[in-house]
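The values are calculated or read from the model by the stated rules, or taken from the named source; none is laboratory data. This one's a predicted model, so the numbers in the text were calculated from it and none came from an experiment. No Cβ is skipped: glycine too gets one built from the backbone with ideal geometry, and neighbour counts run over all protein chains shown.
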């Protein structure tokens, strides 16, 4: 398997972040880590081994990015508006720095990109597609949470509103944005397995349905648990069926 590591300093974030690339060819999948994870998480948790046969076959190419959650949402010492600001800058970093990198690495400007992530990574995967529906064409959000009010301590500002899906999605009215979203494949995965709370997924589904945004809730039942063995099974199945 071809493996590369890239990184650069982002002026938006005031720090360097890395991108781990797995594969030589295939449909690009942008992978967000769980809460405090980094670009090596997929490899450490055995997901690369699980999906390796798809990567080696040239069906997919994985772009695993780092996280700034520890500086933002999970930074209890920071003011809530600093947390929402960090998220806004991270969103811009993904859309304006990582996406062009993916296009360039694939040598295919405008190539359709899938986002994915589990737990906190699912939030980033869904938020990225919903905010930039022309840049991302599919989202595989596993065991996600889509309302981050708990991290704001009762505070609220525009950066939070525009990065909290259950808040801004009901306000999407631009025909262009709705048209782009209609072209996208949004999949929210949950289940009844160990440690999984399906409530946030079904709440997000209600918000999308109320706005007429096509999506699917994939309830895996007992195979939908909140841990890596479940997410590995789900991702292997998704890649086998969709790519």
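Whether any residue in the range 130-140 is within 30 Å of residue 79 (Cβ to Cβ), modelled with pLDDT of 95 or more and either assigned to a helix (DSSP H, G or I) or out of contact with any helix residue (DSSP H, G or I) (no Cβ under 6 Å at 6 or more places or on another chain) (or both) is what I want to check. Looking through the range 130-140, at least one residue is within 30 Å of residue 79 (Cβ to Cβ), modelled with pLDDT of 95 or more and either assigned to a helix (DSSP H, G or I) or out of contact with any helix residue (DSSP H, G or I) (no Cβ under 6 Å at 6 or more places or on another chain) (or both). If the condition is being touching a residue at least 40 places away in the same chain (Cβ under 8 Å) and either within 22 Å of residue 7 (Cβ to Cβ) or buried (at least 21 other Cβ atoms within 10 Å of the Cβ) (or both), then the range 107-118 contributes 111, 113, 114, 115, 116, 117, 118.
Just give me the residues in the range 217-243 being in contact (Cβ under 8 Å) with a residue 60 or more places away in the chain, surrounded by fewer than 17 Cβ atoms within 10 Å (Cβ to Cβ) and not in a helix (DSSP H, G or I), in sequence order. Residue satisfying the conditions is 243 alone.
The listed residues are 95, 77, and the only one of them that is without any contact (Cβ under 8 Å) to a residue 60 or more places away in the chain, in a helix (DSSP H, G or I) and out of contact with any strand residue (DSSP E or B) (no Cβ under 7 Å at 6 or more places or on another chain) turns out to be 95. Taking the stated definitions as given, is residue 161 surrounded by fewer than 16 Cβ atoms within 10 Å (Cβ to Cβ), in contact with a helix residue (DSSP H, G or I) (Cβ under 6 Å, 6 or more places away or on another chain) and without any contact (Cβ under 8 Å) to a residue 40 or more places away in the chain? Taking the combined requirement at face value, the residue satisfies it. Looking at residue 185, is it touching a strand residue (DSSP E or B) at 6+ places or on another chain (Cβ under 9 Å), touching a residue at least 12 places away in the same chain (Cβ under 8 Å) and surrounded by fewer than 17 Cβ atoms within 10 Å (Cβ to Cβ)? Considered against the rule, which asks whether it is touching a strand residue (DSSP E or B) at 6+ places or on another chain (Cβ under 9 Å), touching a residue at least 12 places away in the same chain (Cβ under 8 Å) and surrounded by fewer than 17 Cβ atoms within 10 Å (Cβ to Cβ), residue 185 comes out as yes.
Looking only at the range 83-106, residues that are loosely packed, with under 15 Cβ neighbours inside 10 Å and either modelled with pLDDT under 95 or closer than 18 Å to residue 37 by Cβ (or both) come to 0 in all. The C-beta contact set for the range 195-213 (first residue at pLDDT below 95, second residue assigned to a loop (DSSP other than H, G, I, E, B), distance under 6 angstrom, 6+ apart or interchain) is empty.
For the range 172-182, check the following and say yes or no: at least one residue is surrounded by 20 or more Cβ atoms within 10 Å (Cβ to Cβ) and modelled with pLDDT of 95 or more. Yes, some residue in the range 172-182 is surrounded by 20 or more Cβ atoms within 10 Å (Cβ to Cβ) and modelled with pLDDT of 95 or more.
Assessment of the range 57-71 against the conditions (surrounded by 21 or more Cβ atoms within 10 Å (Cβ to Cβ), outside any loop (DSSP other than H, G, I, E, B) and out of contact with any strand residue (DSSP E or B) (no Cβ under 6 Å at 6 or more places or on another chain)) yields no matching residue.
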